[in-house]
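J.: I am attaching a structure below and will ask some questions about it afterwards.
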Amino acid sequence: MEVKSATRRYVGITAVAGLAFGLAACTGSSDDAAGDVDPDAVSGEITLLTPIFEGSPGQALLEDELLPLFYEEYPNVSVEVDYTTYGNLNEKLTTSVASGLVPDVMLMGVGWIEGFADKGVLAELGELGLTEDLLKETYDDEIVEAGMWEDGVYAVPIMLDTRFGVARMDILEEAGYDAPPSSWDELVEIAEATTVRADNGSLERAGFDMLSLDARQAFEVMLFSAGGDLFDEDVTEATFNDEAGVAALGLMTDLINEYEVEDIGFTSTDDIVNPLINGRAAMGIAHNNLWTQALEADPEALEHMEPFLIEGTEPGMFFGGTLATVSNSSQSPEAARALLEFLSSPEAALAANEQRGNVPALTELLESDYVQSNRFVQFALENLEYAKREGGPSEWLEVRGDFAPAVEAALLEQKTPQEALDDLAALVDNAIE
């Protein structure tokens, strides 16, 4: 398997003398749109806050490859970049809002838009020509809605990160199975058959790993596969404690305590090597960047990894991602809009996704060399119709940290699944009220 070098990744980007921005072309029907503004007339010093393009490779991509292309199109605009991580992003944003020094362009996660739009921090992008209907011509409906609040568009997607099932087919085949599970019953059966314990009962291989993933996200994948949702249609009340949610958390609890296919502490989110790579798990719920992790740790393991949708009453897959927003208080709104368009254009977005091993939000990129060479990213794009996101209410950032402790309380049998989810729902509903 060929691994492309950093210099080869951006062929088609650096070769473009004048970048034709995909979104700018879409906005020609709006008199106010950046696509109708003479680039030479757009000027200003703007700031970009970004949790992606991290590390030396990411910084080199943004500052040496991408921003020079932006400056070719907009020579009178300068961009100051503030790098952060997703772990520090909320604090950065909150501090900037409190100080009144909000960056002109901010990249933030799915589930974050509602809260900052509700506080008036974000500019409504309809005047740019970025209407809901227009965006849905090039993005999946659910992805567009992740950037909306109260019928307004406040963000444009750049990349997605997804969670779905992954099976080590070499291990499954040794146990007599030629395909990943297609139902919860099959998942339990195959997980039991592929779990390995030593004579003293200690776990050597998990049949189904859930613990190397954030507990909230693991629960959400199972919830979605049970046909459940986090909130009601109006996003005014928690629904994850209904029959579907209890069934989902109940299955997770049973996998550990009744079927004993994984032990608490056997894996964790701090593991350097994912257990699906080193064979310590036969199946599990994983992030799509498991592909790039395996390329670095053990490329041969990729030959045996098969992605699959967790199938309960319906296929379940989770998606998060990164979206671009513009500050409502920007002193250079045209320059900020131009940078947003650039970062979310096919060329720039593709380069950013490849650097992180993530899933391009634009459906047109399904045919790109990067996607076609990454089976997990390709699988995610091909199955986006089944993906659901977290978030919804403007209070999401306040309550999402309460999910993992609630799930863990059930897994440790400190509470029943119903008790754990009812207590969590009470906390969430109180925050929404």
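J.: Do any helices (runs of 4 or more DSSP H) lying entirely in segment 98-160 carry at least 2 residues that are in contact with a Ser or Thr (Cβ under 8 Å, 6 or more places away or on another chain) and over 22 Å from Pro346 (Cβ atoms), and which ones are they?
T.: Qualifying helices (runs of 4 or more DSSP H): 113-118.
J.: Quick check on segment 132-183: of everything there that is over 14 Å from Gly321 (Cβ atoms), modelled with pLDDT of 95 or more and of a type in the set (Ser, Thr, Tyr), which residue is surrounded by the most Cβ atoms within 10 Å (Cβ to Cβ)?
T.: Only one residue tops the list, namely Tyr154.
J.: Which of the residues spanning segment 398-423 are of a type in the set (A, V, I, L, M) and open to solvent by 40 Å² or more (accessible area, probe 1.4 Å)?
T.: Leu412
J.: Let me ask you something else. In segment 350-373, is there at least one residue being assigned to a helix (DSSP H, G or I), open to solvent by 60 Å² or more (accessible area, probe 1.4 Å) and in contact with a helix residue (DSSP H, G or I) (Cβ under 6 Å, 6 or more places away or on another chain)?
T.: Within segment 350-373 (the criterion being assigned to a helix (DSSP H, G or I), open to solvent by 60 Å² or more (accessible area, probe 1.4 Å) and in contact with a helix residue (DSSP H, G or I) (Cβ under 6 Å, 6 or more places away or on another chain)), the answer is no, since none of the residues qualifies.
J.: Okay, next question. Scan segment 232-243 for residues that are of a type outside the set (Val, Ile, Thr), touching a residue at least 24 places away in the same chain (Cβ under 8 Å) and either open to solvent by 20 Å² or more (accessible area, probe 1.4 Å) or assigned to a loop (DSSP other than H, G, I, E, B) (or both) and jot them down.
T.: Across segment 232-243, the qualifying residues are Glu237, Phe240, Asn241.
J.: Run down Leu48, Leu61 and say which single residue is under 17 Å from Ala336 (Cβ atoms), of a type outside the set (Asp, Glu) and open to solvent by less than 10 Å² (accessible area, probe 1.4 Å).
T.: Of the residues listed, the single one that is under 17 Å from Ala336 (Cβ atoms), of a type outside the set (Asp, Glu) and open to solvent by less than 10 Å² (accessible area, probe 1.4 Å) is Leu48.
J.: Scan segment 397-426 residue by residue and report those that are under 21 Å from Val235 (Cα atoms) and within 25 Å of the chain's Cα centre (by Cα).
T.: Passing the criteria: Leu397, Glu398, Val399, Arg400, Gly401, Asp402, Phe403, Ala404, Ala406, Leu421, Leu424, Ala425.
J.: Any idea which residue in segment 264-294 is farthest from Ile171 (Cα to Cα), counting only those that are of a type outside the set (Val, Ile, Thr) and open to solvent by 50 Å² or more (accessible area, probe 1.4 Å)?
T.: Asp270
J.: Considering only residues of segment 327-349 that are touching a helix residue (DSSP H, G or I) at 6+ places or on another chain (Cβ under 7 Å) and assigned to a loop (DSSP other than H, G, I, E, B), which is surrounded by the fewest Cβ atoms within 10 Å (Cβ to Cβ)?
T.: Ser330
J.: Additional query: Given the condition farther than 19 Å from Glu419 by Cα, open to solvent by 50 Å² or more (accessible area, probe 1.4 Å) and not aromatic (Phe, Trp, Tyr), answer yes or no: does some residue in segment 202-209 qualify?
T.: The answer is yes, given that some residue of segment 202-209 is farther than 19 Å from Glu419 by Cα, open to solvent by 50 Å² or more (accessible area, probe 1.4 Å) and not aromatic (Phe, Trp, Tyr).
The values are calculated or read from the model by the stated rules, or taken from the named source; none is laboratory data. A quick note: this is a predicted structure, and the numbers were derived from the prediction, not measured. Every residue, glycine as well, gets a Cβ built from its backbone with ideal geometry; the counts of neighbours run over all protein chains shown. For accessibility, only protein heavy atoms count, side chains too; no ligands or nucleic acids. Shrake-Rupley method; radii C 1.70, N 1.55, O 1.52, S 1.80 Å.
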